[in-house]
Amino acid sequence: MKKRGEELKGILMTEAEGVIDELLSWYEETEAPNFSQIEEKVLALRERLSQRMAAEVVKGQAARQPVPGPLCQGCGQEMASKGRHKKTIVSWVGEVELERSYHYCAKCRRGLFPPG
C-alpha cells in the first residue's frame, strides 16, 4: 500500500476505534436498551464515521490533483486558483465538510470547487 494509503488507513482506524469505544461505553452505561435504542445509536455512529471517511478520502484526492488549474467549461481558459475554501455538502452519507481548492474564471464569471 502507498504511504498515503497507510496514512489514510491510520486516520480512519483511529476514527473507527473511537466510534467503537463510544458504542461500548454507551452499551455499558445504558441499562437494558431495547432494539430501537440500539439501532438509533448504531445508525448515528455509522453516519458520523461515514462522513469522516468520505471527507478524508476527498481530502486525500485533492492532494493528488495536478498543479495547473482546471479549464473553464465556458471559454476553455485555465481557471485561476482562489485558494482553499471550506464547503459543506450533503451526500448519501450525510453532511460532509470539505476543504479544497476553489477556481474562478474572471472572463465567464464561473467558479469551480473540484472534483465536482
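Remarks
- Annotation: Cα Rg of the range 1-64 relative to the compact-globule expectation 2.2 N^0.38 Å equals 1.39.
- Shape of the range 68-116, Cα gyration tensor, a/c cut at 1.5: prolate
- Taking the charge dipole of the range 1-64 about its Cα centre, with +1 at Lys and Arg Cβ atoms and -1 at Asp and Glu Cβ atoms, the residue from 43, 13, 23 reaching farthest to the positive side is 13.
- Per residue, the average separation of C-alpha pairs within less than 8 Å and at least 6 apart gives the chain a relative contact order of 20 percent.
- Over 19 Å between alpha carbons, listed pairs 59/82; 59/86; 9/87; 59/107; 82/107: 9/87; 59/107
- Acute angle (nearest 10 degrees) that the helix 3-29 long axis makes with the longest principal axis of the chain, alpha-carbon atoms: 30 degrees
- Each stretch of four or more DSSP H residues adds -39500 (n - 2.57); spread over every residue of the chain, this sum gives -17500 deg cm²/dmol at 222 nm.
- Computed from Cα atoms, the angle from the helix 35-64 axis to the main principal axis of the chain rounds to 30 degrees.
- Taking the Cα centre of the chain as origin and assigning +1 to Lys and Arg Cβ atoms and -1 to Asp and Glu Cβ atoms, the resulting dipole is close to 1340 debye.
All of the numbers you see were taken from the coordinates with simple rules; none came from a lab. Everything numeric in this text was worked out from a predicted model, so none of it was measured. As a convention, Cβ positions derive from the backbone with ideal geometry for all residues, glycine included, and neighbour counts pool all protein chains shown.
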